[in-house]
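Enquirer: Starting off with a structure, shown below.
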Amino acid sequence: MAVAQLDEFVQPHHRRAEGTRLSGSHIICETLLREGVDLVFGLPGGAILPLYHVLPEYPQLRHVLVRHEQGAAHAADGYARATGRPGVCIATSGPGATNLVTGIATAMLDSVPLVAITGNVATHMIGKDAFQETDITGVTLPITKHNWLVMRPEDIAPTIKEAFHLATTGRPGPVLIDFPKDVQQQLAVFEYPKVLHMRGYKPTLFGNIRQIRQAVKAIQEAKNPVILAGHGISISDAYDELQELAETGDIPVVQTLLGLSTLPVSHPLCFGFFGMHGSVYANRAVHQADLVIGIGMRFDDRACGKFSAFAPKAKMIHIDIDPAEIGKNVRCDIPVVGDAKNVLMVLNKELKAQGGARHTEWVDSIHLWKRERPGIKVRHSEKLLPQFVLNKLSEVTKGEAIIVCDVGQHQMWAAQHIAYHNRNTHISSGGLGTMGFGFPAAIGAKMGRPDETVWAVVGDGGFQMTLQELATAVQENIDVKVAIINNGYLGMVRQWQELFHDNRYSSVAMSNPDFAKLAEAYGAKGMRCVHKADVEKTIREAMAHNGPVVVDFVVEAEENVYPIIPAGTTAADLIEEPDLLEQVEETHINLLEGESPALATGSRSNGSKQGKRGR
Amino acid sequence: MAVSANGLERHTIVALLEDEPGALNRVVSLFRARGFNIASMTVGPTETANLSRLTLVVDADESVLEQITKQLYKVIEVLKVTDLSEDKVVARELALIKVSCNSQTRAEVMQMADIYRARIVDVAIDSVIVECTGEEDKIDSLISLLRRFGIKEISRTGRVAMLRGASGATRVLDDE
Ligand SMILES: Cc1ncc(C[n+]2csc(CCOP(=O)(O)OP(=O)(O)O)c2C)c(N)n1
Ligand SMILES: [Mg+2]
């Protein structure tokens, strides 16, 4: 194999001394090592050849060869989300660099520390429309936290250090560093900078104590408070602090899509997913709250619906590290700018000193709603329902696996039906909603947390956008399991066409390849499951196999995700599963015994919009 | 405070930014991407090496203004953003106006320029260039008066502004 040959003739290097003259490429590798990088995802090409030329000298920098640069960006992103450490991807100039764009934009909207390294044409060719020249710093300007075109080899080390600092601190985000080919080749004295000079970058890490005290007062005065837990909790590792706040203040917690797995579902104050596809009770709690405490979340429209009518009775506390998020979408009464962990530590201390708070009646009433109207459950059916597959997956993995989702209906079912018991076990492209994210991100997540079970939950549509990374998973023997929720449709789009576009299906039906055979062709294990009775067995068999497995779950084609709050409306417009009241088969919350659902919410089950599902 | 044609308040914002390649691009890109409205924008060097001063005139309500300021601060090269919309500022713009004239009308054009303390900086057979400095209103009104002679060309700089007195938009940098 080519890789083995390289290892034979290249002397692996230990770190080279600072103060010696090195090529730009060596400086890049030396600096990456000093930033703690041990894994990069990439694909070479002309303008990045000098860097790839020296990479074999650095076996400590494991390079994973992807089959498409988008895969490299998503894998690095998945690694970063799973570990909290920056993910690194490498591409050549022009098409290689532009192939990273979707991955960079995905990381930008979800505040993921991603470091993208690109080659570019030599400095004297820049601006000449040279072969494979793209102004990638221009292209990625609005989708990076910052980016750089490095024109001199002596600027390489300081720039990389700055890049990692920016990517990982404050509100994290993607950065891109573009290295012209000659800069990678030129020599410079290597100095790893001790300090950074960034006058214009001073993230606010600690909350203002006066505002924190106002928040304490508001919590004690509130009757119906609710915490909206977002991605910021996991980014700042504020899990303990979130739980402590919930307990000290006796405050129910609901979660955004990226806030799932910030508190175990089994916790009595955890009411899970709210927003467009959240449960009735979680949305009802937010709608009726008199105090909303948003933590590390950005009041996104998929979570909040119509901004002006969101949580209409509530006073708003917003805790976020990015001051620009305060008041951007939804009004704010008490802003606290700072890192979630730091702010919550002080808030908890102050709240404790004031004797905490009790909201027993309020918490009880949400528990009651949850019992009366669980909303999220699996309909009784002989057929293989997608929700059933997700439920079984949750059961078999005991809610302890890392679930990496793609985008579509299956993503929402994975948010609704999987009981996330462990921290940071739900990874999903929330902000950009990038189809094709799930599988490569799962590869990155598995490489970051090799001891944990990683399942990619993908749609038949989205999987086909990045399934070429099966070759990567096989070549590197990455033990990731893929569950294709195969409904033969671009399901989420089909659902919107059914519900909101007169039932007119336009370009959503797909004739798909035989995914199991395809997986086998790549050298992975391929499986197919069409019967309800086989689901559990199939999942267990997939997990028993050591190496990448693709399971094609051929599910009911025209299932819809319920509940749904139509875009731009409020919780009062929530549409429930049309036959919610008829039958309930299973649910991970298992709180349904014999209770007859009350009809006290403002929701309407819209029978006329049921569409053409025959049952 | 001045109100623009679209009913929004007109604000003058000064941003100090490090003179890095792409810094200005980032600011402009930000305004485009977020749909903020720029009425005018000027940029030039400052009293400190490697620092540029950007004067932006924007039409915005309070919440948009707040977003503009906060989003500007997210640009790494931006060191300081100041809203100079209060009264205690000196605001100026410079305009070059090429006006048609002939031997009969030239004197009248020159007289008008004089009233506005504008200067004639170039004379040709059938035109003159008038250079005028002042607040936008003054320049607008001179232009409208000159219109009947026939205006061939206008070049305006957009506003630059500075706080009166000892305090200044660049002060924060002294803290360091
Ligand atoms: C790259 C990209 N293109 C288009 C979309 C719009 N979109 C959102 S969900 C969806 C359907 C996804 O279909 P599939 O992967 O089969 O998942 P399903 O909804 O059927 O579970 C589409 C096309 C998107 N989110 N991302
Ligand atoms: Mg599908």
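Enquirer: Whose amide H sits under 5 Å from the amide H of A:A122, counting only residues 5 or more places off or on another chain, with H placed in the peptide plane?
Expert: A:K181, A:D182
Enquirer: Under the rule of at least 5 residues apart or a separate chain, name every residue whose amide H is placed under 5 Å from the amide H of A:L149.
Expert: Under 5 Å from the amide H of A:L149: A:D178.
Enquirer: Along the positive direction of the dipole of the protein assembly as shown (beta-carbon charges: Lys, Arg +1; Asp, Glu -1; about the Cα centre), which of A:L257, A:A542, A:M151 reaches farthest?
Expert: Positive-most Cα among the choices belongs to A:L257.
Enquirer: Quick check on the range A:12-189: take the gyration tensor over C-alpha atoms, sort the square-rooted eigenvalues as a ≥ b ≥ c, and tell me if it's rounded (a/c under 1.5), prolate or oblate. If you can, show how the numbers build up before the last one.
Expert: Details: a/c = 1.45, a/b = 1.11, b/c = 1.30.
Since a/c stays below 1.5, the shape of the range A:12-189 is classed as rounded.
Enquirer: HN-Hα J couplings of the range A:191-198 from phi, Karplus 6.51/-1.76/1.60, θ = phi - 60°, integer Hz, Gly and Pro as x?
Expert: Going residue by residue, I get 10, 7, x, 7, 10, 10, 10, 10 Hz, with x marking Gly and Pro.
Enquirer: At a probe radius of 1.4 Å, figure out the A/B buried accessible area, summed over both chains, and give it in Å² to the nearest 100.
Expert: Details: alone 23620 and 10180 Å², together 32370 Å².
Looking at A and B, the buried total is near 1400 Å².
Enquirer: Could you state the angle between the C-alpha long axis of helix A:209-221 and the longest principal axis of the C-alpha atoms of chain A, as a value from 0 to 90 degrees rounded to the nearest 10?
Expert: The angle comes out near 20 degrees.
Enquirer: Moving on to the next point. Might you report the magnitude of the Cβ-based charge dipole of the range A:209-372 about its Cα centre, with Lys and Arg at +1 and Asp and Glu at -1, to the nearest 20 debye? Write out the running numbers ahead of the final one.
Expert: Numbers: 18 positive and 19 negative charges, 87 e Å.
Dipole of the range A:209-372, to the nearest 20 debye: 420 debye.
Enquirer: Output wanted: per-residue J couplings in Hz (rounded whole) for the range A:306-321, from phi through Karplus 6.51 cos²θ - 1.76 cosθ + 1.60, θ = phi - 60°, x for Gly and Pro.
Expert: With the stated coefficients, the range A:306-321 comes to 6, 4, 5, 10, 6, 6, x, 9, 9, 7, 10, 10, 10, 10, 7, 7 Hz.
Enquirer: Now for a different question. Any idea what angle helix B:23-33 forms with the longest principal axis of chain B, computed on alpha-carbon atoms, 0 to 90 degrees, nearest 10?
Expert: 90 degrees
Enquirer: Next question. Quickly estimate the mean residue ellipticity at 222 nm for chain A, helices only: each DSSP H run with n ≥ 4 gives -39500 (n - 2.57), and the total goes over all residues, rounded to 500. Present the calculation step by step, with values, prior to reporting the outcome.
Expert: Working: 24 runs with 217 residues, N = 615.
The per-residue figure over chain A is -10000 deg cm²/dmol.
Enquirer: For chain B, build the charge dipole from Cβ charges (+1 Lys, Arg; -1 Asp, Glu) around the Cα centre, then report which of B:V160, B:N37, B:I139 sits farthest towards its positive end.
Expert: Result: B:I139, furthest along the dipole toward the positive end.
Enquirer: Only Lys, Arg, Asp and Glu count, each charged at its Cβ (+1, +1, -1, -1), so figure out the dipole size of the protein assembly as shown about its Cα centre, rounded to 20 debye. Display every interim value, and only then the final one.
Expert: Details: 80 positive and 95 negative charges, 164 e Å.
The calculated dipole for the protein assembly as shown is roughly 780 debye.
Enquirer: Quick check on packing: order A:517-529, A:230-242, A:127-139, A:263-275 by the mean number of other C-beta atoms within 10 Å, highest mean leading.
Expert: Working: A:517-529: 18.9, A:230-242: 23.6, A:127-139: 15.8, A:263-275: 20.7.
Descending mean neighbour count gives A:230-242, A:263-275, A:517-529, A:127-139.
Enquirer: Taking the mean number of other Cβ atoms within 10 Å as a proxy for protection, how do you rank A:279-287, A:552-560 from highest to lowest?
Expert: Working: A:279-287: 26.1, A:552-560: 21.6.
Packing order, densest peptide first, comes out as A:279-287, A:552-560.
Enquirer: Output the relative contact order of the range A:163-260, whole-number percent, from Cα pairs under 8 angstrom with separation of 6+ residues. Each step should come with its number before you reach the end.
Expert: Values: 54 pairs, mean separation 22.0, N = 98.
For the range A:163-260, the relative contact order is 22 percent.
Enquirer: Express in whole angstrom the spacing between the alpha-carbon centres of the range A:367-392 and the range A:119-178.
Expert: The range A:367-392 and the range A:119-178 have Cα centres separated by 48 Å.
Enquirer: OK, next. Accessible area per residue, 1.4 Å probe, Å², for the range B:90-160: what's the number?
Expert: Working: 4110 Å² over 71 residues.
Ligands and nucleic acids excluded, the figure is 58 Å² per residue.
Enquirer: Along the charge dipole of the protein assembly as shown, which of B:V78, A:V54, B:V57 sits closest to the positive end, that is, farthest toward it, with unit charges on the beta carbon of Lys, Arg, Asp and Glu (+1, +1, -1, -1)?
Expert: B:V57
Enquirer: Quick one: pull the percent of accessible area on the protein assembly as shown belonging to carbon and sulfur, 1.4 Å probe, ligands and nucleic acids left out. All intermediate terms of the calculation are to be shown ahead of the outcome.
Expert: Numbers: 16470 of 32370 Å².
Answer for the protein assembly as shown is 51 percent, counting heavy atoms of protein chains only.
Enquirer: Return the lysines within reach of A:K145: Cα separation strictly under 29 angstrom, same-chain partners fewer than 8 residues apart disregarded; answer none if there are no such residues.
Expert: Within reach: A:K128, A:K161, A:K181, A:K194, A:K202, A:K306, A:K328, A:K341, A:K446, B:K70, B:K74, B:K80.
Enquirer: Which peptide among A:543-550, A:435-442, A:50-57 comes first, and what is the full order, when sorted by highest mean count of other Cβ atoms within 10 Å? The partial results should precede the final answer.
Expert: Values: A:543-550: 18.1, A:435-442: 31.0, A:50-57: 19.9.
Most protected by this proxy first, the peptides run A:435-442, A:50-57, A:543-550.
Enquirer: Same structure again: Can you pull the Rg over Rh of the range B:90-160, Cα-only, Kirkwood?
Expert: Details: Rg = 11.3 Å, Rh = 11.9 Å.
Ratio of gyration radius to Kirkwood radius for the range B:90-160: 0.95.
Enquirer: Counting DSSP beta bridges in the protein assembly as shown, what percent are antiparallel, to the nearest 5?
Expert: Values: 49 of 113 bridges.
Here the antiparallel bridges make up roughly 45 percent for the protein assembly as shown.
Enquirer: In terms of modelled amide H atoms, which long-range or inter-chain residues lie less than 5 Å from the amide H of A:V64?
Expert: Excluding prolines and chain starts, which carry no amide H, the hits are A:V40, A:F41, A:G42.
Enquirer: Taking a spot 7 Å from the Cα of A:K217 along the direction of its beta carbon, which residues of the range A:321-338 have an amide N less than 19 Å from it?
Expert: A:332-337
Enquirer: Another one. Kindly report the accessible area of chain A per residue (heavy atoms of protein chains, probe 1.4 Å, no ligands, DNA or RNA), in Å². Don't skip to the end; give the middle numbers.
Expert: Numbers: 22910 Å² over 615 residues.
On a per-residue basis, 37 Å².
Enquirer: Per the Cauchy relation, a quarter of the hull surface: what is the mean projected area of the convex hull of the alpha carbons in the protein assembly as shown, in nm²?
Expert: Details: hull surface 159.9 nm².
For the Cα atoms of the protein assembly as shown, the hull's average projected area reads 40.0 nm².
Enquirer: What distance in nm separates the simple spin-label points at A:K128 and B:E20, each placed 7 Å from Cα in the Cβ direction?
Expert: The modelled label-to-label distance comes out at 2.8 nm.
Enquirer: Quick one: dipole size for the range A:87-177, taken about the Cα centre, charges +1 on Lys/Arg Cβ and -1 on Asp/Glu Cβ, in debye to the nearest 20. The partial results should precede the final answer.
Expert: On the way: 5 positive and 7 negative charges, 35 e Å.
Rounded to the nearest 20 debye, it is 160 debye.
Enquirer: Looking at the square roots a ≥ b ≥ c of the eigenvalues of the Cα gyration tensor of the range A:209-372, which shape do they give, rounded for a/c under 1.5, prolate if a/b is larger than b/c, or oblate? Could you put the intermediate results ahead of the total?
Expert: Details: a/c = 1.31, a/b = 1.10, b/c = 1.19.
Rounded, since a/c falls under 1.5.
Enquirer: From other protein chains only, count the Cβ atoms within 10 Å of every residue's Cβ in A:195-206, then give the mean.
Expert: Working: counts 0, 0, 0, 3, 10, 13, 7, 2, 1, 0, 0, 0.
Per-residue shielding by partner chains comes out at 3.
Enquirer: DSSP loop trypsin sites (Lys or Arg not before Pro) in the range A:409-512 with at most 14 other Cβ atoms within 10 Å of their Cβ, which ones?
Expert: Numbers: sites: A:R423, A:K446, A:K481, A:R494, A:R504; in loops: A:R423, A:R504.
Counting only loop positions with at most 14 other Cβ atoms within 10 Å, the trypsin sites (Lys or Arg not before Pro) in the range A:409-512 are A:R504.
Enquirer: Please compute the average number of Cβ atoms from other chains found within 10 Å of each residue's Cβ in peptide B:70-79. Intermediate values should be presented prior to the final figure.
Expert: On the way: counts 8, 3, 1, 5, 11, 3, 10, 5, 3, 4.
Mean partner-chain Cβ count within 10 Å for B:70-79: 5.
The values are calculated or read from the model by the stated rules, or taken from the named source; none is laboratory data. Note that the structure is predicted; figures quoted are calculated from it, not measured. FYI the Cβ positions are ideal-geometry reconstructions off the backbone, even for glycines, and counts take in every protein chain you see. Accessible surface is based on the protein model in full, side chains and every heavy atom, while ligands, DNA and RNA are left aside. Shrake-Rupley method; radii C 1.70, N 1.55, O 1.52, S 1.80 Å.
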